[in-house]
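Student: Starting off with a structure, shown below.
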There are 2 protein chains.
Amino acid sequence: MTPTLLRNVRPWGGETSDVLIGDDGILEVARPGAIVGAPADVIEGDGGILIPSFSDVHVHLDSTRMGLPFRPNTAGDTRWSHIMNDRENWRSAERSVADRATYTLGRMIAQGATRVRSHAQVDADSGLEKFEGVLAARAAHRERAAVEIVAFPQVGIHLEDGVPDLLDVALRSGADLIGGIDPCEIDRDPVRHLDTVFDLADRHGVGIDIHLHEGGSLGLFSLDLVLERTRALGMAGRVSVSHAFSLAARSPGVDRALEQIAELDVALTTIAPKGSLSVPLDLPIERLLSLGIRVGLGMDGQRDYWSPWGDGDMLERTWMLAFTQGFSRDDLIEDCLAIGTWGGASVIDPSLARLSPGARPGLAIGDPAELVVVRGDTPTAAVMDRDADRIVIHRGRVVAQNDELR
Amino acid sequence: MTPTLLRNVRPWGGETSDVLIGDDGILEVARPGAIVGAPADVIEGDGGILIPSFSDVHVHLDSTRMGLPFRPNTAGDTRWSHIMNDRENWRSAERSVADRATYTLGRMIAQGATRVRSHAQVDADSGLEKFEGVLAARAAHRERAAVEIVAFPQVGIHLEDGVPDLLDVALRSGADLIGGIDPCEIDRDPVRHLDTVFDLADRHGVGIDIHLHEGGSLGLFSLDLVLERTRALGMAGRVSVSHAFSLAARSPGVDRALEQIAELDVALTTIAPKGSLSVPLDLPIERLLSLGIRVGLGMDGQRDYWSPWGDGDMLERTWMLAFTQGFSRDDLIEDCLAIGTWGGASVIDPSLARLSPGARPGLAIGDPAELVVVRGDTPTAAVMDRDADRIVIHRGRVVAQNDELR
């Protein structure tokens with residue numbers, strides 16, 4: 001493949017540079033005009049800030065209604081009522097799961113995400129239909145983004161018949177990871193739930209990404225069961241916990257859990273939720289970075305039967321992460337940008353360098369050619385402005401520019 | 001003045017209508033095509049949603065750096081360090097206070113705010129220079145928005161010499177209200193601080209808008225002193241409390257304060273801040289609406305020496321209010337839109353109808369011709385989309401369209 005020469009970009013807001021990239025990674029970084037001779041497709045960066053591309057590591061591509069007429073929210077107050085509201089309505093959406101997931105993934109890519117981990121609901125009602133819709137979206141955009149799919153038992157594993165078999169089929173049909181959810185609150189049998197999840201992971205040789213909304217001591221109990229199994233099965237580095245609201249509190253139990261999470265190299269994902277006085281939800285992200293814990297960011301559902309929030313823009317979600325963390329200092333806001341880009345990449349690929357406070361990785365020779373150019377005086381200004389005119393690069397090629405897919 | 005005929009708009013997302021407006025208010029609302037005969041300037045609404053214009057009732061136009069090169073944040077962790085950081089830097093801004101305030105007010109109007117209450121810092125260091133800059137911005141946009149100015153003793157009243165006299169001059173020179181701030185934490189003499197504020201209000205016959213960041217029992221104590229003076233001086237309906245973080249907690253003391261706030265018709269303003277486990281900041285807005293308490297929304301500082309946040313868009317701030325309140329239900333999100341528009345208007349003008357949960361006022365015959373047309377399937381969708389193509393109307397005339405001032 002002909003390399004691409006990105007001219008006049010500022011890596012992480014630093015000195016203006018030219019950057020030569022191939023499909024396998026960054027080949028050269030030099031002062032403007034210094035890269036000559038090699039044939040290359042030239043892209044003018046116009047002084048924009050170069051950062052690693054965004055990584056959305058927690059999205060539900062199967063539930064989105066982005067691009068369809070807006071539909072008022074008919075869910076109730078509980079998580080279960082949301083699950084059932086989706087079940088009652090998803091089949092009557094104006095477009096198929098595949099169409100909706102494809103459109104939404106396209107919007108995510110156009111706005112800068114080229115690394116994605118999507119959950120795909122597998123349950124007795126929808127069977128593999130939602131999973132297959134996400135597979136179709138991945139296929140449609142295979143030249144534009146790398147998409148991992150989690151076979152996700154949203155409605156539990158043991159409440160309805162046949163779910164373990166469906167998960168098994170999904171894992172033989174293209175799913176990259178096995179999911180799980182609130183083992184106490186949904187299946188109400190945490191050991192049976194988690195043993196099934198870890199057994200499927202073990203048999204298929206795949207990683208795990210488990211939703212843990214459970215808060216307080218219940219959440220810490222479920223988390224402890226996850227950590228216990230991660231250790232026993234030698235799955236260090238291959239387990240992610242999504243949400244992990246129980247870690248938003250401050251307690252000795254949280255401290256002990258964080259120590260084990262670091263030791264077992266368990267990754268965490270957050271959607272930058274808004275917590276409250278009675279229900280804290282924010283992960284202590286600076287502490288996670290200090291402990292070397294991998295942490296990534298995601299959009300969660302996007303304008304779906306669960307909620308009207310979410311629009312595919314990971315730069316905006318990065319802005320929300322900084323907001324929910326209460327950050328005004330530039331270094332802290334830019335740590336959020338590092339999490340929204342490289343942090344998620346390291347959740348997907350544990351061989352990548354770990355983030356730490358102040359670290360700005362991802363733009364050295366040999367790093368993946370997964371990049372975004374965004375306008376702004378500084379990285380913090382870019383987060384605040386969220387300018388829509390971006391250049392998005394996947395495997396060394398421009399896949400979107402100025403909010404449109406190529 | 002020739003009336004304006006707004007064609008094909010949907011009041012609060014309802015049936016498509018034509019709306020005839022004059023400078024004094026809404027003249028007629030009818031089915032499309034039904035208003036004929038009267039000479040009028042015709043504006044095509046294209047099926048957009050008609051809402052009251054946004055009211056930013058808590059902004060600091062004197063501190064903004066919007067439109068200037070981004071400047072990293074050099075403030076420390078405390079409120080005092082932020083005050084001093086501003087003092088050390090504001091004179092070296094690339095443009096005058098008047099220029100900066102004028103630009104920022106223009107951006108606010110272009111995005112839909114035609115009713116504004118801005119604080120203008122008055123202190124020993126800046127004298128009346130910041131206040132005069134805000135006066136100049138108001139004059140520059142006098143045909144586009146109604147702007148109230150609060151003479152605001154940001155650095156306290158009794159810590160430095162001459163502040164009461166400066167406030168007195170400001171109130172004789174165009175300030176509409178007298179401000180105050182954290183009477184315990186800044187001046188450290190709450191009675192003396194508040195007596196001076198209420199005395200200035202009494203002598204000049206103006207209202208009061210006091211910043212109360214103080215939380216917990218200290219904040220409730222200061223609030224109680226404010227309420228006591230409001231009652232004693234017969235100032236019901238003429239006092240606003242900004243932030244009022246102490247009301248974000250849940251306690252019998254908060255309940256008693258809310259009862260008195262309702263009884264004395266004290267208005268509250270919020271900037272939709274992000275609280276935390278240890279420091280809750282969110283006003284209980286649904287409870288305020290139920291109690292008939294006037295509540296409005298504001299941007300606070302905008303990309304200034306305090307923080308990089310804020311961009312003049314009150315529709316985005318409305319979205320943040322819904323986010324910080326954790327709302328996903330359409331009626332609750334639309335209550336936020338009512339607060340960001342009509343709620344603030346009623347903070348400025350207590351003669352306007354009060355909001356209550358689910359109430360969607362401001363678009364009846366006789367209501368002010370302060371209006372915005374914004375795209376969206378429903379009001380909730382409009383809040384989620386935050387489309388930049390809006391029509392902004394002040395005193396019956398279009399003052400901005402598609403993000404540009406007229």
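Student: Sort through A:Val279, A:Val226 and tell me the only one that's modelled with pLDDT under 95, touching a Phe, Trp or Tyr at 6+ places or on another chain (Cβ under 9 Å) and of a type outside the set (Lys, Arg).
Tutor: It is A:Val279.
Student: Would you point out the residue of the stretch A:305-347, among those that are in a helix (DSSP H, G or I) and within 25 Å of B:Asp377 (Cα to Cα), that is farthest from the other protein chains (Cβ to nearest Cβ)?
Tutor: Looking at residues that are in a helix (DSSP H, G or I) and within 25 Å of B:Asp377 (Cα to Cα), I get A:Met314.
Student: Can A:Ala262 be described as over 23 Å from A:Val239 (Cα atoms), in the same structural domain as A:Pro69 (by TED's automatic domain parsing) and either within 17 Å of the chain's Cα centre (by Cα) or not hydroxyl-bearing (Ser, Thr, Tyr) (or both)?
Tutor: Judged against the criteria, A:Ala262 is not a match.
Student: Could you tell me which residue of the stretch B:348-387 is surrounded by the fewest Cβ atoms within 10 Å (Cβ to Cβ), considering only residues that are within 14 Å of chain A (Cβ to nearest Cβ) and in a loop (DSSP other than H, G, I, E, B)?
Tutor: B:Gly358
Student: Restricting the stretch A:1-17 to residues that are assigned to a loop (DSSP other than H, G, I, E, B) and in contact (Cβ under 8 Å) with a residue 40 or more places away in the chain, which is farthest from A:Ala369 (Cα to Cα)?
Tutor: A:Gly13
Student: Sticking with this one: Restricting attention to the stretch A:94-103, does a residue exist that is in the same structural domain as A:Gly344 (by TED's automatic domain parsing), more than 15 Å from A:Lys130 (Cα to Cα), among the polar types (S, T, N, Q) and modelled with pLDDT of 95 or more?
Tutor: Looking through the stretch A:94-103, none of the residues is in the same structural domain as A:Gly344 (by TED's automatic domain parsing), more than 15 Å from A:Lys130 (Cα to Cα), among the polar types (S, T, N, Q) and modelled with pLDDT of 95 or more.
Student: Can you name every residue in the stretch A:151-172 that is under 15 Å from A:Gln121 (Cβ atoms) and not in a helix (DSSP H, G or I)?
Tutor: A:Ala151, A:Phe152, A:Pro153, A:Gln154, A:Val155, A:Gly156, A:Ile157, A:Leu159, A:Glu160, A:Gly162, listed by residue number.
Student: Continuing with this model, one more query. Considering only residues of the stretch B:122-147 that are of a type in the set (Asp, Glu) and farther than 20 Å from B:Ala400 by Cα, which is surrounded by the most Cβ atoms within 10 Å (Cβ to Cβ)?
Tutor: B:Asp123
Student: In addition: Those residues that are more than 14 Å from every other protein chain (Cβ to nearest Cβ), surrounded by fewer than 18 Cβ atoms within 10 Å (Cβ to Cβ) and not small (Gly, Ala, Ser), I need them from the stretch B:265-304; list them, please.
Tutor: Listed by number, the residues that qualify are B:Asp265, B:Leu291.
Matching residues to (1) over 22 Å from the mean Cα position of the chain (by Cα); (2) closer than 22 Å to B:Gly298 by Cβ; (3) part of a helix (DSSP H, G or I):
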{"position": "B:Thr196", "(1), (2), (3)": "yes, no, yes"}
{"position": "B:Arg203", "(1), (2), (3)": "yes, no, yes"}
{"position": "B:Asp224", "(1), (2), (3)": "yes, no, yes"}
{"position": "B:Arg231", "(1), (2), (3)": "yes, no, yes"}
{"position": "B:Ala236", "(1), (2), (3)": "no, no, no"}
{"position": "B:Ser242", "(1), (2), (3)": "no, yes, no"}
{"position": "B:Asp255", "(1), (2), (3)": "yes, no, yes"}
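Student: Within the stretch A:183-203, is there a residue that is in contact with a Ser or Thr (Cβ under 6 Å, 6 or more places away or on another chain), within 24 Å of A:Pro69 (Cα to Cα) and surrounded by fewer than 24 Cβ atoms within 10 Å (Cβ to Cβ)?
Tutor: no
Student: Conditions: (1) touching a helix residue (DSSP H, G or I) at 6+ places or on another chain (Cβ under 8 Å); (2) closer than 18 Å to A:Ser63 by Cβ; (3) not in a helix (DSSP H, G or I). A:Arg144 meets all but one. Number of the miss?
Tutor: Of everything listed in (1) touching a helix residue (DSSP H, G or I) at 6+ places or on another chain (Cβ under 8 Å); (2) closer than 18 Å to A:Ser63 by Cβ; (3) not in a helix (DSSP H, G or I), A:Arg144 misses just condition (2).
Student: Tell me the residue from A:Val42, A:Val19 that is buried (at least 21 other Cβ atoms within 10 Å of the Cβ) and either more than 24 Å from the chain's Cα centre (by Cα) or at pLDDT 95 or above (or both), please.
Tutor: When all the criteria are applied, what remains is A:Val19.
Student: Here's something else I'd like to know. Residues being closer than 15 Å to A:Ser55 by Cα, in contact (Cβ under 8 Å) with a residue 40 or more places away in the chain and of a type outside the set (Gly, Ala, Ser): count how many of those fall in the stretch A:343-359.
Tutor: The total comes to 5.
Student: Moving to a separate point now. Would you check which residues across the stretch B:230-252 are crowded, with 18+ Cβ neighbours inside 10 Å, closer than 22 Å to B:Ser351 by Cα and not small (Gly, Ala, Ser) and list them?
Tutor: Scanning the stretch B:230-252 gives B:Thr230, B:Met235, B:Arg238, B:Val239, B:Val241.
Student: Could you list, in sequence order, the residues of the stretch B:252-262 that are out of contact with any Ser or Thr (no Cβ under 8 Å at 6 or more places or on another chain) and either free of Cβ contacts under 8 Å to residues at least 12 places away in the same chain or under 18 Å from B:Glu286 (Cβ atoms) (or both)?
Tutor: Answer for the stretch B:252-262, where residues must be out of contact with any Ser or Thr (no Cβ under 8 Å at 6 or more places or on another chain) and either free of Cβ contacts under 8 Å to residues at least 12 places away in the same chain or under 18 Å from B:Glu286 (Cβ atoms) (or both): B:Pro252, B:Asp255, B:Arg256, B:Leu258, B:Glu259, B:Ile261, B:Ala262.
The values are calculated or read from the model by the stated rules, or taken from the named source; none is laboratory data. Only a predicted model underlies this, so the values are computations on that prediction, with no experimental measurement involved. Cβ coordinates were reconstructed from backbone atoms using ideal geometry, including for glycine residues, and neighbour counts include every protein chain displayed.
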